[in-house]
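**Q** Have a look at this one.
The values are calculated or read from the model by the stated rules, or taken from the named source; none is laboratory data. Values in this document were obtained by computation on a predicted structure and should not be read as measured data. In this analysis, Cβ positions are derived from the backbone assuming ideal geometry, glycine residues included, and neighbour counts consider all displayed protein chains.
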Amino acid sequence: MEQNTKKRLQRTACKVRMGVIEGTYNAKSGHPGGSLSIADTLTYLYFNKMNVDPKSPDSADRDRLVLSKGHTAPALYAVLAQKGYFPEEELKSLRHIGAMLQGHPCIHIPGVDMSSGSLGQGISAACGMALAGKLDGKSYKVYAVLGDGEIEEGQVWEAAMFASHKDLTNLVAIVDNNGLQIDGPISEVCSPEPITDKFAAFGWHVITMDAHDFDDIDRAFTEADSVKDKPVVIIQKSVKGKGVSFMENQVGWHGTAPNKEQYDQAMAELTAQLKGLED
Amino acid sequence: MADVIKKATRESYGEALRDLAEEYPQLVVLDADLAAATKTGIFKKAYPDRFFDCGIAEANMMGVAAGLAACGKIPFASTFAMFAAGRAYEIVRNSIGYPHLNVKIGATHAGISVGEDGATHQCNEDIALMRTIPGMTIINPCDDVEARAAVKAALDFNGPVYMRFGRLAVPVINDPATYKFELGKGVTMRDGTDLTIVATGLMVNEAVQAAETLAAEGISARVVNIHTIKPLDKELIVKCAKETGVIVTAEEHSVIGGLGSAVAEAVTEGCPVPVVKVGVNDEFGHSGPAVDLLKEFGLSAENIAAKAKEALKLKK
């Protein structure tokens, strides 16, 4: 990936992370851990990959993204705000009464393609969108972002079966493999591993990637584009809480908001990171 | 009555989908390995490219329908009522109801008249479940003519619709030449002054029969057909409460949460009068021929007439 592009994406991802902290801090609730682990990938998709335009969010030809792991809405909202779908100021009213930004994604928010949050459901909706694209002869792609804990839901595998059987080659699923779910490490709760083998057995083309390396993210999505005969799943190895030192790999930060002190520290760290990315 | 034509509303559903497909190019049909039973096979035969079998995976089917609707299609997701409203309830709520997507759910084999398959497949709870979802429209047609009209009305309406169809062949009581379907409007099948029987689905015909029996005994019963259970025609229900002073409801569904409950809610708010419910009591069904089960569970003209007489005693 070109150095300038990479720097630009890194800077944007850092601002997205700040948005995640801003949102969850002001909401006094929400899910920062998984939002931070998906921040780089969502940034890459919206700023370097997807055919989307905030000026026409309902365009029939646009690429779509379903955040099946809907609890990480703070990351999606922060990306959409950076992209210009709505003012960044909105992030401060996340989860507040009367606010636009609901605790989980809602289809009526500009840029949000599907309501989601009840785990396991988003991938089915993404399958429907991909099927509609095929029926209409459209060239758009549909991205579905899932958690590694989320794939414990049986509906995910119903959808996985459907996608390969119906040749949904315009569908790319991303599994955010940060290894942690609410009750603990996925390996201890009710392990969905081996994730790659499972998707391969369901007829998907499987790609693995480092979720926090834009060169590798670019390689993975470029490979995904080259696959013409199967739905693609990208298993991204990620760090829950990535970018905020005290949140990294800590299961406790799955669904806890930072207090004032933690907010200040997180913002200080992210501000320093952003400064380090300046030319 | 030898010339009465009988037809299952599931059959009407399959035929209506086929007949409307040309006029509505956005219409697509999904099924979950039950196309022969739900009768979407009729559509599949005519429009194989617009039919998608999702396999035995109702949760995914509802989600796929949501995604299709989000891209402008009008999907009809079809399976038995037990699986559409029961198994897939939460997907219908969150992936279809909450985003208010234009998905039509064709739920066949509703009620006790599933027959021999027994309790696991006799869904007497679907109306109750679907009623609780904000913005969900629920249609329970009484015969072939109404079922076809309901499918057309659902297509012309933008939003989620749950349609309830039966397995059992039931008499065609409406005249296709004059019948007009109006979403959310009850139909007065017969006028009367002593009480009102409010019925839905296959119980409408039983209610009409009951009214005839009652008439022979000097009791004037009004019969109202409520094909749209949600939104309920409250205006008509309250008018009946005011004019006849007592109501008997009749449905092939649990007495908990269905038409009877909906009518009672409307009456207590608008004009409190006694409401006596005919339906499946708080119990599971069991195997047997549909016609025998309907009798056994009191889903008959005889029982409606008997309950009507009891109800009259409650009238102030």
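**Q** Could you tell me whether B:LEU259 is farther than 17 Å from B:VAL246 by Cβ and touching a Leu at 6+ places or on another chain (Cβ under 9 Å)?
**A** no
**Q** Can you find even one residue in segment A:108-129 that is assigned to a loop (DSSP other than H, G, I, E, B) and more than 14 Å from chain B (Cβ to nearest Cβ)?
**A** yes
**Q** Any chance you could count how many residues in segment B:262-305 are in a helix (DSSP H, G or I) and more than 12 Å from B:GLU206 (Cβ to Cβ)?
**A** 13
**Q** Which condition from (1) in contact (Cβ under 8 Å) with a residue 24 or more places away in the chain; (2) farther than 23 Å from B:ILE139 by Cβ is the one that B:THR268 breaks?
**A** (1)
**Q** If you don't mind, there's one more thing I want to ask. Quick one: is B:PHE157 closer than 26 Å to B:GLY260 by Cβ, in contact with a Leu (Cβ under 8 Å, 6 or more places away or on another chain), more than 14 Å from chain A (Cβ to nearest Cβ) and crowded, with 24+ Cβ neighbours inside 10 Å?
**A** No.
**Q** Tally time: how many residues in segment A:222-265 are assigned to a loop (DSSP other than H, G, I, E, B), surrounded by fewer than 23 Cβ atoms within 10 Å (Cβ to Cβ) and among the polar types (S, T, N, Q)?
**A** Residues in segment A:222-265 being assigned to a loop (DSSP other than H, G, I, E, B), surrounded by fewer than 23 Cβ atoms within 10 Å (Cβ to Cβ) and among the polar types (S, T, N, Q): 4 in total.
**Q** Out of the residues in segment A:134-169 that are within 18 Å of B:PRO48 (Cα to Cα) and surrounded by 24 or more Cβ atoms within 10 Å (Cβ to Cβ), state the one that is nearest to the other protein chains (Cβ to nearest Cβ).
**A** The qualifying residue nearest to the other protein chains (Cβ to nearest Cβ) is A:PHE162.
**Q** Looking at segment A:193-208, I want the residues that are over 10 Å from A:SER164 (Cβ atoms) and have a partner that is aromatic (Phe, Trp, Tyr) and surrounded by 15 or more Cβ atoms within 10 Å (Cβ to Cβ) with Cβ atoms under 6 Å, at least 6 apart or on another chain. Which pairs are those?
**A** A:VAL206/A:PHE199
**Q** Say we look at segment B:24-59 and pick out the residues that are in contact with a helix residue (DSSP H, G or I) (Cβ under 8 Å, 6 or more places away or on another chain) and in a loop (DSSP other than H, G, I, E, B); which of these is nearest to the other protein chains (Cβ to nearest Cβ)?
**A** B:ALA57
**Q** Here is a check on your reading of the model: is B:ALA16 of a type outside the set (Lys, Arg) and assigned to a helix (DSSP H, G or I)?
**A** yes
**Q** Only one of these is modelled with pLDDT of 95 or more and within 14 Å of chain A (Cβ to nearest Cβ): B:ILE127, B:ILE96, B:ILE139, B:ILE112. Name it.
**A** B:ILE96
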